[in-house]
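Peer 1: If you scroll down you'll find the structure; I have some questions about it.
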Amino acid sequence: MSLPLAAVTGAGSGIGAAIAAELGRRGYHVVVSDIDAEAAEATARAIASAEFHRLDVTNPAACDAFVEEIVATHGRLDVWVSNAGISKMQRFLDVSPADLARNFEVNTFGVFYCGQSAARAMIQLGTRGRIINTASMASKQGRVPFLADYVASKFAVLGLTQAMAFELAPHDIRVNCVCPGFVATPMQTRELAWEAHLRGSDPETVKQMWINDTPLGRLQTPEDVARVVAFLASDDAEFITGEAISVNGGAFMD
Ligand SMILES: NC(=O)c1ccc[n+]([C@@H]2O[C@H](COP(=O)([O-])OP(=O)(O)OC[C@H]3O[C@@H](n4cnc5c(N)ncnc54)[C@H](O)[C@@H]3O)[C@@H](O)[C@H]2O)c1
């Protein structure tokens, strides 16, 4: 009997890399993908049973072909994690149509395309599949500075997660999302520099502001998020679908 199989997008860095590692520790064969193949390779190398691929989630034909290849090779697809995402901080009035489009292409359309590809395969295989999307604290509140396009794209992920959960429930596929807060990753390092610049401040001061905003008193680690994703993938979450689980140390409570 082959290992259960989990595929993670945007797994070359930060939260995605931690999710891939955690699922690997929990006994999955992990298909690590990223638009950056070298980064995906580095993640896969540290996991007991893993492989890596380049996947750009904004290309629906590539998403379909990727899932078909997984199924042709392994004959299974148990868990799909749509984690790839981008951000660029700027004032609402400065967001160009091109920046807005790119943000939605990766953060929202990518989740949509991958969800379709994964769900089609799970239905065809008759798998009790689990799909988990990486949304954000910015999926639940728009009181986030300098990220208007990101907020819009991530609110959409939360709604999409519910719609997918509703339509895929008859196929015994559960769909949930996680909503991280301030997670120490390369994305955060870029955001600290942007926000410091936009506020006329410095990254250390901004970081302290974010920590002060977090009742549990520290930045999140990618592993904080990864463990919740692993829970949602597990049978412990057997009756949870359409949920958006906050993992943010209390920075936003709903
Ligand atoms: N870091 C945070 O504070 C935070 C908070 C809430 C939500 N998130 C979300 O978590 C997810 C991971 O973020 P992170 O902080 O680990 O960021 P990160 O920048 O460290 O990693 C994101 C990964 O996605 C990949 N990627 C970008 N565009 C892609 C594409 N078109 N196709 C495939 N892969 C692509 C990048 O190459 C990178 O490896 C994102 O969806 C992000 O929006 C992050």
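Coordinate-derived values only; no laboratory data. Everything quoted here is computed from the prediction, not taken from an experiment. Note that each Cβ is placed from the backbone with ideal geometry, even for glycine, and that neighbours are counted across all protein chains shown.
Peer 1: Hey, what do the phi angles of the stretch 77-86 turn into as Karplus ³J(HN,Hα) couplings, whole Hz, using 6.51/-1.76/1.60 and θ = phi - 60°, x for Gly and Pro?
Peer 2: Here the 3J(HN,Hα) series is 7, 9, 9, 10, 10, 8, 10, 4, x, 9 Hz.
Peer 1: For the chain, what's the relative contact order in percent, using C-alpha pairs closer than 8 Å and at least 6 residues apart?
Peer 2: It rounds to 19 percent for the chain.
Peer 1: Ok, one more. Say the dipole of the chain comes from +1 at the beta carbon of Lys and Arg and -1 at that of Asp and Glu; which of Ala169, Val8, Phe112 then lies farthest toward its positive end?
Peer 2: Value computed over the given set: Ala169.
Peer 1: May I ask you to derive the relative contact order of the stretch 124-254, considering only C-alpha pairs under 8 Å and at least 6 residues apart, and to give it as an integer percent?
Peer 2: 33 percent
Peer 1: Working from the alpha-carbon coordinates of the chain, get Rg over Rh, Rh being the Kirkwood radius.
Peer 2: Ratio of gyration radius to Kirkwood radius for the chain: 0.96.
Peer 1: Highest mean first, how do 194-207, 81-94 rank when packing is the count of other Cβ atoms within 10 Å averaged over residues? Each step should come with its number before you reach the end.
Peer 2: Details: 194-207: 14.6, 81-94: 19.2.
Packing order, densest peptide first, comes out as 81-94, 194-207.
Peer 1: Gain in length, Arg199 to Arg143, computed as 0.36 nm per residue apart minus the alpha-carbon separation, to one decimal in nm?
Peer 2: 18.6 nm
Peer 1: Continuing with the same structure: Suppose every Lys and Arg Cβ carries +1 and every Asp and Glu Cβ carries -1, with no other charges. What dipole size does the chain come out with about its Cα centre, to the nearest 20 debye? Provide the component values of the computation, followed by the final result.
Peer 2: Details: 20 positive and 29 negative charges, 60 e Å.
Using Cβ point charges on Lys, Arg, Asp and Glu, the chain gives about 280 debye.
Peer 1: I want to make sure I understand the PRE zone here: with the label point 7 angstrom from the Cα of Phe239 toward its beta carbon, which residues in the stretch 147-164 have backbone N atoms less than 20 Å away?
Peer 2: No residue passes the distance filter.
Peer 1: When Lys and Arg each count +1 and Asp and Glu each count -1, what net charge do the other residues less than 9 Å away from Val95, Cβ to Cβ, add up to?
Peer 2: -1
Peer 1: OK, next. With only Lys, Arg, Asp and Glu charged, each at its Cβ (+1 for the first two, -1 for the last two), find how big the charge dipole of the stretch 1-101 is about the Cα centre; round to the nearest 20 debye.
Peer 2: On the way: 7 positive and 13 negative charges, 70 e Å.
I would put it at about 340 debye.
Peer 1: Which FRET efficiency value, to the nearest 0.05, is calculated for Arg26 and Glu223 with the Förster distance at 22 angstrom and r the Cβ-Cβ distance?
Peer 2: Numbers: r = 13 Å, r/R0 = 0.58.
That pair, Arg26 with Glu223, gives E of 0.95.
Peer 1: Which far-off residues, 5 or more places away or on another chain, put their amide H under 5 Å from the one on Ser246, with H placed in the peptide plane?
Peer 2: When sequence neighbours closer than 5 places are left aside, the close amide H contacts are Cys179.
Peer 1: Taking N as the number of residues in the stretch 1-85, what value does Rg over Cα atoms divided by 2.2 N^0.38 Å take?
Peer 2: Details: Rg = 11.4 Å, N = 85, 2.2 N^0.38 = 11.9 Å.
Scaled against compact globular proteins, the figure is 0.96.
Peer 1: Another question, if that's okay. For the stretch 95-105, take each phi angle, set θ = phi - 60°, evaluate the Karplus expression 6.51 cos²θ - 1.76 cosθ + 1.60, and give the result in whole Hz per residue in order, putting x for glycine and proline.
Peer 2: 6, 7, x, 5, 5, 4, 5, 4, 4, 5, 4
Peer 1: So what are the ³J(HN,Hα) numbers for the stretch 191-205, from phi and the Karplus equation (6.51, -1.76, 1.60; θ = phi - 60°), rounded to whole Hz, Gly and Pro as x?
Peer 2: Once θ is set to phi - 60°, the couplings for the stretch 191-205 become 5, 4, 5, 4, 5, 4, 4, 5, 8, x, 10, 10, x, 4, 5 Hz.
Peer 1: Could I get the Rg over Rh figure for the stretch 1-46? Both from C-alpha atoms, Rh via Kirkwood, rounded to two places.
Peer 2: Expressed as Rg/Rh, it is 0.96.
Peer 1: Taking a point 7 angstrom from the Cα of Asn59 along the C-beta vector, which residues in the stretch 90-107 have backbone N less than 17 Å away?
Peer 2: Label zone hits: 105-107.
Peer 1: Determine the gain in length on full extension of the stretch His74-His171; use 0.36 nm per residue of separation and subtract their C-alpha separation, reporting nm with one decimal.
Peer 2: Stretched fully, the His74-His171 segment lengthens by 32.8 nm.
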